[in-house]
1. Among E2, E179, which comes first, then next, by fewest other beta-carbon atoms within 10 Å?
2. Would any residue of region 139-173 have its amide N under 16 Å from a label point 7 Å out along Cα→Cβ of R4? List them or say none.
3. Please arrange S203, S188 by how many other C-beta atoms lie within 10 Å of their C-beta, fewest to most.
4. Counting helices only, and only those DSSP H runs with n ≥ 4, report the 222 nm mean residue ellipticity of the chain as the sum of -39,500 (n - 2.57) divided by its residues, in deg cm²/dmol to the nearest 500.
5. If I take every Cα pair under 8 Å that is 6 or more residues apart in the chain, average their sequence separation and divide by the length, what percent do I get for the relative contact order?
6. Which order do the peptides 46-56, 231-241 come out in when sorted by mean C-beta neighbours inside 10 angstrom, highest first?
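Each reported figure results from applying straightforward, stated rules to the coordinates on display, with no laboratory input. These numbers come from a predicted model, not from an experiment. Cβ placement follows ideal geometry from the backbone for every residue including glycine, while neighbour counts extend to all protein chains displayed.
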Amino acid sequence: MEDRIAQHLDRAAAAASAHAAVLGRDHHAAAARTGSAHHADTLGLTVSRVHEATGLFDRRYVPSLSVVLRGRKRSIVGDDDQEWGRDRFIITPVDLPVVAGVIDTAGDDGFVSAVWRLDPVVVGEVIASMSVPGAAVAATPVPRLGSWTEALADAFARLLGLLDAPEDIPVLFPLVSREIVLRLLQTSQAPRITAALDGSGTSVVTGATALLTSRMDEPWSMDRLARTLRVSESTLFARFKEATGMTPAQYLKRTRLGEARRRMVVHGDTAARAAAAVGFRSASHFSRDYREAYGRPPAADAVVARAQLALATAV
C-alpha cells in the first residue's frame, strides 16, 4: 500500500476507533457514546470494534461501502470467499445476503470497521453528472474487492473526521458524500455500482432482489422473474450478475439458507420447519445445500451457531 493511502487510512482508523461501538464487551463505554452514535447515524456510518474473532454469521448488507480499518475479516458472497483487511474495500450496491466474520483482531487494538450507507439518490446524481451510462456492464468480471486510490482514502478519512466536528456536518457532509461516490466511480468497482441503476434511476436489480427477498418461499425461475420485472432474461441476468456477483438463482438459494439458519438459531425452529418456511420443497435438497454452505448438517450447525451468538452478545 502506498504511504499516502496508508496515512489517510490511519486517520480514518483513529477517528473510527474513538467513536466505535464496542461489540462483545465494554458495553458501558459504548453506551456513553450516545452522541457519537447520533452523529454516525447522521453520516450514514456504522463504526464498530470487536476484540475477539467471531464465527461466521449470515448478514444482510444494505447498499454500502464496507471498510476494514484494523484486523481482517472473511466475507462469502455466493461462491466468492474472500479474506481481506484495510488494503481493500467492498461495495454492496444492492441488498445482499453475506456470510461474514472477524478472523483477526489486530492484537489489543481490536478489529475496527466502518460501513457507510450508499444513498441511491446521491449515486444517481453523481452518475448523471458524469454522463456514465447506468446500464453499462463490464467486459470482464469485476473483482469483488476494490483497491484504494489516494483520493478515495482521503475523502473517506475526511468523512470519518466529521465525527469529531459535528458542527461541520450540515455543510461538509453533502460535499464529502458526493466526492466519495465520485472516487468510487473512478475505481474498478464502477461497473458494479452502475449495473445497479438504469437510466431512470430505478434499478432492475433492486426490484429483483426485493422480490426474491420478500417472496423467497415462491418457486421463482429466471423466466418468471424477468416477466414480473418486464425486462429480458439476458438483461436481468447481466445486470444482476454484475451488481451482486451472483445469478438470481444463487441469490435466492443464499437468501433462503440464511433465513432458514436465522429461524433455527434465533427462534429454535426445526430444520424441517425452517426449510419449508423459506421455500425448500425437499428436505434432502435443503440438507445438502445447507451442509455445502455452512459445513455442518442444519441441526448440528444451529447448536454451534447459537452458542457462538450467545458468546458474542454476552455482557
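1. Fewest-to-most Cβ neighbours within 10 Å comes out as E2, E179.
2. Once the point is set 7 Å along Cα→Cβ of R4, 148-158 turn out to lie under 16 Å by backbone N, inside region 139-173.
3. Final ranking by Cβ density, sparse to dense: S188, S203.
4. -16000 deg cm²/dmol
5. 19 percent
6. Per-residue Cβ counts within 10 Å, averaged per peptide and sorted highest first, yield 46-56, 231-241.
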